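> This is the structure I have questions about; it appears just below.
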Amino acid sequence: MARSPRSDDERSAESGKRLAADGGSVSDADGRLSDLTSFFRERPRLRTLAIAGPPYGLLVFFFAIPLLAMLVVSFQTDQIGGAWTLGNYVDFLTSETYLTVVWRTFLLSVQVTAIVAGVGYALAYSIVRFSRRTTLLLLLVILPFWTSYIIRMYAWINILQSDGVLDSILNLVGLPALSLLYTETAVLIGFTYVWLPLAVLPFYASLTNLDADLIEASKDLGAGPIRTFLSVTLPMTINGVVTGVVLVFIPTFGSFITPRLLGGTNNVMIGMVIENQFKSAFNWPFGAAIGMVISVVVVALLVLATRLGGGLFGTGGETS
Amino acid sequence: MSLLRVSGLTKEFGDLTAVDDVSFDIEDGEFVSILGPSGSGKSTVLRMVAGFEEPTEGEISLDDVEIVGSPPFERDVNMVFQDLALFPHLTVAENIGYGLKQSGVPADERRERTERMLEMVRLEGYGDRAPAELSGGEQQRVALARALVNEPALVLFDEPLSSLDRKLRQHMQSELQRIQLETDTTFLYVTHDQEVALAVSDRLVVLDDGEIQQVGTVEELYEAPASRFVADFIGDVNAVEGRVTAVDDGTIGLDVGDGEVSVPRDAAVEELAVDDAVDVCIRPFLMRAEPAESDRDAVDDANETFSTTGVVRSRSYQGSDSLYGIETDRWGRLSAEVRSASFDVDDRVAIAWDAADVHVYRREGGAPPSEDGGA
């Protein structure tokens, strides 16, 4: 961080003396604290830097620089430090196998997002509208976060596998076993379970901010429950919906643990391909290239979706 | 036939009875206000008429059709909400056209009727703006237009003017009256503000603690309040403690401290018996005051006049009148509204009023007498 032109320190020392002279009776700690505040009060630019510096620093070191490194690596042959090439991109974008995986990943992500958005919105709505135990219910919603993601996935393996918990229960009530593990359904269930709390929170936040009078006004003006939902409730909470959708869609598109553990080898997602390039095939440049393409695609999709959402509901995106 | 008929309306929230056996009628084209302090149940009555609350008991009929049980979107009633509840994600024109859209009015007609409404509330050219870009008074007009454009049988108002400053509120009051006449619509207005209620209404329903205190025209309520509560709530009133000493055909004899006065029989709305404790109420503007000559009562202490002397403790100038707070020798602090005379604080004055002008109410057990006369 850019600190300490000499004069700054001198001036702070001066103001410290002045303050000490002003308030002779203040304790040492108080004096030092007010020294510090007055030091920053007199230097608004330094203050801004001190506040904004650390988070921006973190972003640069842990996000911008790695991304840049990945971009650089993606243009190299499998000999890092060697020659430059566009070959990684060409290989990826011309391979039907990889593109099929991307397409399947996209479809699965859309399904997961739609399910989580639907269930999550209903859940958030019921917590806001019909419940007096809001805090308790919200706590229950986020409770699974206190257990490790991996452990929760293994729990699902236990539930979904052949002769697992689910099949045993079905067996007890006389229904045929499903053997869901290593199917797409298992992956959908796993994702829905993992992301639901993540979507419920922004949905809940936007729904609590929704003025109940607006719902009544809509009904008063002749709109039934469905019309009221579509023309008032949903547009007024579209910001929360977009946030929740983004929070679910992005990590789903890139994830590799859930599909590996619950989908096995039948349900390869692009995140698994990338991971494989880095960890097994040791072709970092190729993995980096796929990562870059996926990042661009996801960002483009999100921009498009946000625009579309805003356009569908007029000025709704600007409220709240 | 009444347009709205409310009978035996009762609403209980758990143990609390918010509205207790309320009945009143509204004629077509009337401007009726429900007036009451906060917590009196007035908004609950309105919300039951709108359909947002289900009554525990009682009936509400609109145009002779029972509407209890039908959802708000099926009632031919529109409401102007306290906080207006304009849709922030829609333009002014879309807000006004919202109800028409719901009832399937074609876009052309919708535009035309919205335009006509904007004209009616004097907001021509504001159609494309967002509600947030409008001033408080303009937003009130939009809310009004949004309710009126559907041409409902009845428009409900839930204290929408309470957030405005006095000047704007008075202006909106006269606008409400103008628009009510122009559209020939029936208005039911809920408020705690007696000034607004008196200014705009044809008739008032006074509510306290969920129960109707009185229903009548503004004049009836002001000149013949049915209870001490109504007298206090509608306009200012002084109260003097007394005890009934005699009741006959034409008069009631009252012991009011050291002295007896007889008041007309019709000063009391309820049957009084000898020894009843009563409040004798008088409007400040019906009191006379003149400089007191030494300590002697300047006003003759005849049997049909209340009179006392006192010291001016406060004075508030009110344009043509002044309102004096007077510490009287006989009845504690009273307020008198006097036109011509001019007194200063600490002046000794003699005040009096006619027995014909008072109202007498039986004092409820334990209720302490009002010291400052509710001024």
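> Mind listing just one residue for me: the one in region B:196-232 that is assigned to a helix (DSSP H, G or I) and in contact with a Leu (Cβ under 7 Å, 6 or more places away or on another chain) and, of those, nearest to B:Leu181 (Cα to Cα)?
B:Val200
> Okay, moving on. Out of region A:256-273, which residues are farther than 13 Å from A:Gly291 by Cβ and in a loop (DSSP other than H, G, I, E, B)?
Of all residues in region A:256-273, those farther than 13 Å from A:Gly291 by Cβ come to A:257-269.
Of everything in region A:256-273, those that are farther than 13 Å from A:Gly291 by Cβ and in a loop (DSSP other than H, G, I, E, B) turn out to be A:Gly264, A:Thr265, A:Asn266, A:Asn267, A:Val268, A:Met269.
> Just to be sure before I move on: is A:Asn266 within 14 Å of chain B (Cβ to nearest Cβ) and modelled with pLDDT under 90 in the structure I sent?
Working: within 14 Å of chain B (Cβ to nearest Cβ): no; modelled with pLDDT under 90: yes.
No, not satisfied.
> Which residue out of A:Val119, A:Val128, A:Val110 is part of a helix (DSSP H, G or I), closer than 28 Å to A:Ala288 by Cβ and in the same structural domain as A:Ala305 (by TED's automatic domain parsing)?
Details: A:Val119 fails: closer than 28 Å to A:Ala288 by Cβ; A:Val128 fails: closer than 28 Å to A:Ala288 by Cβ.
Just one listed residue meets the conditions, A:Val110.
> While we're here: Being charged (D, E, K, R) and either more than 16 Å from B:Asn95 (Cα to Cα) or under 31 Å from the mean Cα position of the chain (by Cα) (or both) is the filter here; which residues of region A:209-226 pass it?
The answer is A:Asp211, and nothing else.
> Same structure, new question: In region A:148-178, how many are not in a helix (DSSP H, G or I) and not acidic (Asp, Glu)? Quick ask: steps written out before the conclusion?
Looking only at region A:148-178, we keep the residues that are not in a helix (DSSP H, G or I), and these are A:148, A:161-164, A:173-178.
Next, only the ones that are not acidic (Asp, Glu) stay: A:148, A:161-162, A:164, A:173-178.
Adding up the residues that qualify gives 10.
> Restricting to region B:335-365, name every residue that is part of a strand (DSSP E or B), in contact with a helix residue (DSSP H, G or I) (Cβ under 6 Å, 6 or more places away or on another chain) and not acidic (Asp, Glu). I'd like the intermediate steps shown before the answer.
Within region B:335-365, the first condition is being part of a strand (DSSP E or B), and the residues that meet it are B:335-338, B:348-354, B:359-362.
With the extra rule that they be in contact with a helix residue (DSSP H, G or I) (Cβ under 6 Å, 6 or more places away or on another chain), the set shrinks to B:335-337, B:353, B:359-361.
Of everything in region B:335-365, those that are part of a strand (DSSP E or B), in contact with a helix residue (DSSP H, G or I) (Cβ under 6 Å, 6 or more places away or on another chain) and not acidic (Asp, Glu) turn out to be B:Ser335, B:Ala336, B:Trp353, B:His359, B:Val360, B:Tyr361.
> Moving to a separate point now. Return the residues of region B:242-264 that are surrounded by fewer than 15 Cβ atoms within 10 Å (Cβ to Cβ) and either touching a strand residue (DSSP E or B) at 6+ places or on another chain (Cβ under 6 Å) or in a strand (DSSP E or B) (or both); say none if nothing qualifies.
Of everything in region B:242-264, those that are surrounded by fewer than 15 Cβ atoms within 10 Å (Cβ to Cβ) and either touching a strand residue (DSSP E or B) at 6+ places or on another chain (Cβ under 6 Å) or in a strand (DSSP E or B) (or both) turn out to be B:Ala246, B:Glu260.
> Give A:Gly264, A:Gly244 a once-over and let me know the one that is assigned by TED's automatic domain parsing to the domain that holds A:Val116 and either surrounded by fewer than 23 Cβ atoms within 10 Å (Cβ to Cβ) or among the hydrophobic types (A, V, I, L, M, F, W, C) (or both). Give the derivation first.
Numbers: A:Gly244 fails: either surrounded by fewer than 23 Cβ atoms within 10 Å (Cβ to Cβ) or among the hydrophobic types (A, V, I, L, M, F, W, C) (or both).
None of the others qualify; the one that does is A:Gly264.
> Let me ask something additional. Which is at pLDDT 90 or above, aliphatic (A, V, I, L, M) and farther than 20 Å from B:Asp25 by Cα, of B:Ala224, B:Ala145, B:Ala199, B:Ala153? Spell out the reasoning first.
Working: B:Ala224 fails: at pLDDT 90 or above; B:Ala199 fails: at pLDDT 90 or above; B:Ala153 fails: farther than 20 Å from B:Asp25 by Cα.
B:Ala145 is the lone residue from the list that is at pLDDT 90 or above, aliphatic (A, V, I, L, M) and farther than 20 Å from B:Asp25 by Cα.
> Exactly one condition in (1) within 14 Å of chain A (Cβ to nearest Cβ); (2) over 30 Å from B:Glu12 (Cβ atoms); (3) surrounded by fewer than 20 Cβ atoms within 10 Å (Cβ to Cβ) is not met by B:Ala153; state its number.
Exception for B:Ala153: condition (2).
> If I go through region A:20-35 residue by residue, how many of them are modelled with pLDDT of 70 or more and in contact with a Gly (Cβ under 9 Å, 6 or more places away or on another chain)?
Adding up the residues that qualify gives 5.
> Among (1) within 18 Å of B:Leu154 (Cα to Cα); (2) touching a helix residue (DSSP H, G or I) at 6+ places or on another chain (Cβ under 6 Å); (3) among the small types (Gly, Ala, Ser), there is one condition B:Gly99 misses while meeting the rest; what is its number?
(2)
> In region A:64-117, what residues are among the polar types (S, T, N, Q) and exposed (fewer than 15 other Cβ atoms within 10 Å of the Cβ)?
Residues of region A:64-117 that are among the polar types (S, T, N, Q), as a first pass: A:74, A:76-77, A:79, A:85, A:88, A:94-95, A:97, A:100, A:105, A:109, A:111, A:113.
Those that are among the polar types (S, T, N, Q) and exposed (fewer than 15 other Cβ atoms within 10 Å of the Cβ): A:Gln79, A:Thr94, A:Ser95, A:Thr97, A:Thr100.
> Of (1) out of contact with any helix residue (DSSP H, G or I) (no Cβ under 7 Å at 6 or more places or on another chain); (2) part of a helix (DSSP H, G or I), B:Asp25 satisfies all except one. Which?
(2)
> Right, next: Can you spot a residue in region A:190-199 that is small (Gly, Ala, Ser), in a loop (DSSP other than H, G, I, E, B) and either in contact (Cβ under 8 Å) with a residue 12 or more places away in the chain or in contact with an Asp or Glu (Cβ under 8 Å, 6 or more places away or on another chain) (or both)?
no
> May I ask you to list the residues in region B:144-170 that are free of Cβ contacts under 8 Å to residues at least 40 places away in the same chain and either under 11 Å from B:Val200 (Cα atoms) or assigned to a loop (DSSP other than H, G, I, E, B) (or both)?
If the condition is that a residue be free of Cβ contacts under 8 Å to residues at least 40 places away in the same chain and either under 11 Å from B:Val200 (Cα atoms) or assigned to a loop (DSSP other than H, G, I, E, B) (or both), then B:Glu151, B:Leu164, B:Asp165, B:Gln170 are the ones that fit.
> Same structure, new question: Sort through A:Leu188, A:Leu143, A:Leu175, A:Leu207 and tell me the only one that's farther than 30 Å from B:Ala85 by Cβ and surrounded by 18 or more Cβ atoms within 10 Å (Cβ to Cβ).
Details: A:Leu143 fails: surrounded by 18 or more Cβ atoms within 10 Å (Cβ to Cβ); A:Leu175 fails: surrounded by 18 or more Cβ atoms within 10 Å (Cβ to Cβ); A:Leu207 fails: farther than 30 Å from B:Ala85 by Cβ.
Every option except A:Leu188 fails the conditions.
> Go through region B:265-289 and report how many residues are surrounded by 14 or more Cβ atoms within 10 Å (Cβ to Cβ) and either assigned to a strand (DSSP E or B) or of a type in the set (A, V, I, L, M) (or both).
Residues meeting the conditions: 14.
> If the Cβ limit is 7 Å and pairs must be 6+ apart or interchain, which residue in region A:213-231 that is within 17 Å of B:Pro88 (Cα to Cα) and more than 7 Å from chain B (Cβ to nearest Cβ) pairs with which residue that is assigned to a loop (DSSP other than H, G, I, E, B) and among the polar types (S, T, N, Q)?
From region A:213-231, no pairs qualify.
> Next question, about the same structure. Counting only residues that are touching a strand residue (DSSP E or B) at 6+ places or on another chain (Cβ under 9 Å), more than 11 Å from chain A (Cβ to nearest Cβ) and either buried (at least 20 other Cβ atoms within 10 Å of the Cβ) or in a strand (DSSP E or B) (or both), how many does region B:50-103 have?
Qualifying residue count for the region: 9.
> Just give me the residues in region A:77-122 being touching a Ser or Thr at 6+ places or on another chain (Cβ under 6 Å) and under 21 Å from A:Glu184 (Cα atoms), in sequence order.
A:Ser109, A:Val112, A:Ile115, A:Val116, listed by residue number.
> Just the residues that are in contact with an Asp or Glu (Cβ under 9 Å, 6 or more places away or on another chain) and among the aromatic types (Phe, Trp, Tyr), please, taken from region A:252-306.
A:Phe256, A:Phe282, A:Trp284, A:Phe286
> Pairs please, first residue from region B:304-321 and without any contact (Cβ under 8 Å) to a residue 60 or more places away in the chain, second anywhere and in a strand (DSSP E or B) and surrounded by fewer than 12 Cβ atoms within 10 Å (Cβ to Cβ), Cβ atoms under 9 Å, 6+ apart in sequence or on different chains.
No pair meets every condition.
> Suppose we keep only residues that are touching a helix residue (DSSP H, G or I) at 6+ places or on another chain (Cβ under 8 Å), among the aliphatic types (A, V, I, L, M) and assigned to a helix (DSSP H, G or I) within region B:104-134. Which one would you say is nearest to the other protein chains (Cβ to nearest Cβ)?
B:Met117
The values are calculated or read from the model by the stated rules, or taken from the named source; none is laboratory data. This one's a predicted model, so the numbers in the text were calculated from it and none came from an experiment. Quick reminder, even Gly has a Cβ in these numbers, built from the backbone with ideal geometry, and neighbours come from all protein chains shown.
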